[in-house]
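Reading through the structure tokens given below for one structure.
The values are calculated or read from the model by the stated rules, or taken from the named source; none is laboratory data. The structure displayed is predicted, hence computed values, not measured ones. Note that each Cβ is placed from the backbone with ideal geometry, even for glycine, and that neighbours are counted across all protein chains shown. Each accessible area value is taken on the protein alone, full model and side chains, heavy atoms only, with ligands, DNA and RNA left out. Shrake-Rupley method; radii C 1.70, N 1.55, O 1.52, S 1.80 Å.
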Amino acid sequence: HNPPMQETETRGGWLSREELRDARDRLPILYVNVVPVRVDERSQVTKVGLLLRADADGRIARELVSGRVLYHERVRDAVLRHVERDLGPMALPQVPLSPQPFAIAEYFPTPGVTPFHDPRQHAVALGYIVVLMGDCAPTGDSLDLAWLTPGEAADLAATSEMSGGHGVVLRQALSHLGIPV
């Protein structure tokens, strides 16, 4: 005798501000961190793209493309959505064939648990390196996009100019690519 089947909640994936706040108080939230790159004809990384944003305290910092994965959204679709949101519809991202991340970052609201800190929540972010083929124009709350050489990006990643652990993720990405950090 099998137990009765329970209904699965299939309501839409958008949460109100209050529902999101409540979820952040109770659950880890899934995010993606994206390191945008340009490559040469041999697929060697020539440039790394970093956003310039103002944080909640008004401090200007360099950041990666990042954002939440929505309910019923594939990770690759979240990567595409966040690249388009931050870099415009003509960025033409080449989403990796495999959804396996190069790193996983665990963000905690308590500073010092990991190198990653987000005062709003406990979050887990999957890191992806994404080749961009098109024209990028910062949009939304992004003030600027800087294209740095891998060496310049490694130098910047070691400074406090990158907030919330994004410098650590950038160093992991560069290391994953075989670029000295």
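Condition check for D144 on (1) under 15 Å from L51 (Cβ atoms); (2) open to solvent by less than 30 Å² (accessible area, probe 1.4 Å); (3) out of contact with any helix residue (DSSP H, G or I) (no Cβ under 7 Å at 6 or more places or on another chain): one failure, at (2).
Take the conditions at positive phi and either open to solvent by 60 Å² or more (accessible area, probe 1.4 Å) or not in a loop (DSSP other than H, G, I, E, B) (or both) and apply them to G127. Does it pass? No.
Restricting attention to the range 40-77, the residues that are at pLDDT 90 or above, assigned to a strand (DSSP E or B) and open to solvent by 50 Å² or more (accessible area, probe 1.4 Å) total 3.
So which residues in the range 158-174 are open to solvent by 30 Å² or more (accessible area, probe 1.4 Å) and either part of a strand (DSSP E or B) or among the hydrophobic types (A, V, I, L, M, F, W, C) (or both), if there are any at all? Of everything in the range 158-174, those that are open to solvent by 30 Å² or more (accessible area, probe 1.4 Å) and either part of a strand (DSSP E or B) or among the hydrophobic types (A, V, I, L, M, F, W, C) (or both) turn out to be A158, V168. With the structure loaded, tell me whether D155 is open to solvent by less than 60 Å² (accessible area, probe 1.4 Å) and of a type in the set (D, E) or whether it fails that test. Answer is no for this residue.
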